[in-house]
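Inspection log for the structure reproduced underneath, given as structure tokens.
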Amino acid sequence: MCGIVGYVGKQKVLPILINGLKRMEYRGYDSAGVAVIAKNKLWVKKRKGKIRDLEMDLNEEGISSTIGLGHTRWATHGAPSQLNAHPHVDCQKKIAVVHNGIIENYVQLKSRLQSEGHHFNSETDSEILAHLIEMFYKGDMGFAIREALQLIEGTFGVLVISTHEPEKIFGARRGSPMVVGIGEGETLIASDGAALVEHTRNVIHLEDDEMAIADAQGIQVKTLQDKKVIKAVEKISYDLSRIQKGGYDHFMLKEIFEQPETIHDSMRGRLLLEAGNAKLGGLEGCLDRLRHSYRLIITACGTSWHAGLIGEYLIEKLAQIPVEVEYASEFRYRNPVITRVDTVLAITQSGETADTLAAVREARQKGALALGMCNVVGSTIARETDAGVYLHAGPEIGVASTKAFTSQVITLALIALVLGRMGTLSSEDGQTLSQELSLLPEKIRSILKQKDLIKSIAEKIIPHQNALYLGRGFNYPVALEGALKMKEISYIHAEGYPAAEMKHGPIALIDENMPVIFIAVKDPVYDKVVNNIEEVKARGGWVIAIVSEGDEEISRLCDHTIPIPHTLQPLSPILTVIPLQLLAYYTAVMKGCNVDQPRNLAKSVTVE
Ligand code: G6P
């Protein structure tokens, strides 16, 4: 959840750390800090608040150093405060540590350390690392860190510097991402490639229980058992503009507007228009096993789980394979019945979500085929699954997921198409679907042109405290996703429901103060949804509807409509979600909320 970055080289370290932290601020943003070694002393600065607050403090200091580490926090143990912010130091202030993850046995370790005379300054679990390393230090930092980490139960991405060995930075991981950037005469280590890409594109990914020891000359990788490991150097493929705002007010808006290109990128080289089929290189070796699976279990969290629900509809309809969708957090703890003839597909933008990773491990351990659908290349889940497919949507920085969602649905449609064509889906039906897929980028462009209409509707939502989102069939998961977007960035309580379920409870909430947002496009369930709209109107509800272009009849029934182009029913979520993303965005912005960094949230949830 937190972002960590370290640097050793020839340049002044503070601006590099601050810049790296800003690139990872999406990972956590309640407090931040840095530690550097200057004149053989540790110098630490930390504070509650955003990176820019920390940066302002630093401007006053003017410390010159070429080695240091930094941290941006998403609090787990101990409230956001200056004392709880990282880096944490040992009693003698010779060792500084930043940590991402959770130390589950910290209470026992802390009381042991306290009984041995160590004094603690924070309420965090992470601080024990500095003291453990201090305890084990007998003239070799690598040894002390290894010994300390062997005692940890839980997860860590950890960086350490020390005046004992002032030229070196140490980084290790278990369950939290860690990437090492190898530059010329400089090395960076961070939670995310975005913090390194301005300095180098050559990276290595640490695996669990590996430790990197870096100085300005280069790096060495060892296991926590002190065995040397030879690592392959990989290249980061995206360029800097993909992680900058590019003239937009917020990353979220940029990412919403990128969707015509990002879904195109997700289909590039994969869609076979003439054959009415698709080609997914990453899945090729296991398609037969997937096609003949007893069932497909999709597991994910948050927005990715909503994409999974649409995947269930798509794959069952086009390929007739039974699909179940489970929250990864539930899946991992209920000892699910999984056999060797099942396939588990983990959908995750970041590829690092702790619950989803645990679900993958559970599935593999039980012998199922484990597949991944990730956006972040080289992420842990991408590497731990048997096979998979990347989204190619480019880095998503806004905490509220938008472009990753549409790329997930597109990629699920491609999987459904491939599996369908291996079964009973005719080439004509395959062609119709693939033709329609290829038209979606242009259709999204035409929806984005309606931003002013959507903004004017959002303005009317602002005074409300609640909202209800209703949809049916393929658009029921879109109702869930629309409600999630609204609540996470505008803090308006919003619920998504299957439209027909309204009468079993939510209808009690309807009055003139309840905005009800319907997805009511012309599809096989259209008439049923219109009935539900009538029921809301009969009770004085205020209706906003996403409708098909040219549908005059429904416009008369609703208070506001947002028309969108027609597409095939299975693909309609890719269009219907766009106005809902914009509706949430404009509502939140006009309410003065920080849409890119909503309170209490983080983009990548690497803790349980
Ligand atoms: C967090 C994010 C959500 C995201 C979810 C799953 O809660 O705030 O936007 O949908 O994690 O993330 P993943 O990277 O696994 O898709």
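Just so you know, all these numbers are worked out from the coordinates, no wet-lab data involved. Predicted model, so just to flag it, every value in this text is computed and none were measured. Here Cβ is always computed from backbone atoms with ideal geometry, including for glycine, and neighbour counts include all displayed protein chains.
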When DSSP assigns beta bridges and you keep just the ones with both residues in the chain, what percent turn out antiparallel, to the nearest 5? 60 percent
Can you list the lysines whose alpha carbon sits under 27 Å from that of LYS279, skipping same-chain ones fewer than 8 residues off? LYS235, LYS317, LYS403, LYS443
Whole-Hz Karplus ³J(HN,Hα) for the range 469-475, in order, using 6.51 cos²θ - 1.76 cosθ + 1.60 and θ = phi - 60°, x for Gly and Pro? 10, 10, x, 10, x, 4, 9
Calculated [θ] (222 nm, deg cm²/dmol) that DSSP helices of n ≥ 4 give over the chain, each run adding -39,500 (n - 2.57): -11000 deg cm²/dmol
Rg ratio (alpha-carbon, reference 2.2 N^0.38 Å) - the range 400-490: 1.37
Which ³J(HN,Hα) values in Hz, rounded to whole numbers, follow from the phi angles of the range 317-323 under the Karplus curve 6.51 cos²θ - 1.76 cosθ + 1.60, where θ = phi - 60° and Gly and Pro get x? 6, 8, 10, 6, 9, x, 10
Peptide ranges 410-422, 275-287, 4-16 listed from the most packed, as the mean C-beta count within 10 angstrom indicates: 410-422, 4-16, 275-287
Long-range amide H partners of ILE67 with built H, under 5 Å: VAL13, ILE37
Which of the aspartates and glutamates could a cross-linker bridge to LYS39, judged by Cα under 20 Å and excluding same-chain residues fewer than eight apart? GLU60, GLU61, ASP90, GLU165, GLU167, GLU186, ASP215
Where the centre of each part is set by its Cα atoms, how far does the range 197-276 sit from the range 329-372, in angstrom? 23 Å
Neighbour-count ranking [beta-carbon atoms within 10 angstrom, fewest first] of GLU384, GLU481, GLU104, GLU184: GLU184, GLU104, GLU384, GLU481
Amide H to amide H under 5 Å from GLU104: which residues, 5+ apart in sequence or cross-chain, H placed 1.01 Å off N in plane? GLU153, GLY154, THR155
Can you pull the percent of Cα pairs in the range 450-594 with separation above 19 Å? 44 percent
State the Kirkwood hydrodynamic radius of the range 91-201 in Å, one decimal place, computed from all pairs of distinct Cα atoms. 14.7 Å
D (µm²/s, integer) via Stokes-Einstein for the range 244-447, Kirkwood Rh across alpha-carbon pairs, 37 °C, 0.692 mPa s: value 194 µm²/s
For q = 0.09 Å⁻¹, Debye-computed log10 I/I(0) when each Cα of the chain counts as one equal scatterer: -0.73
Just how large is the dipole of the range 3-105 about the Cα centre, in debye to the nearest 20, putting +1 at every Lys and Arg Cβ and -1 at every Asp and Glu Cβ? 260 debye
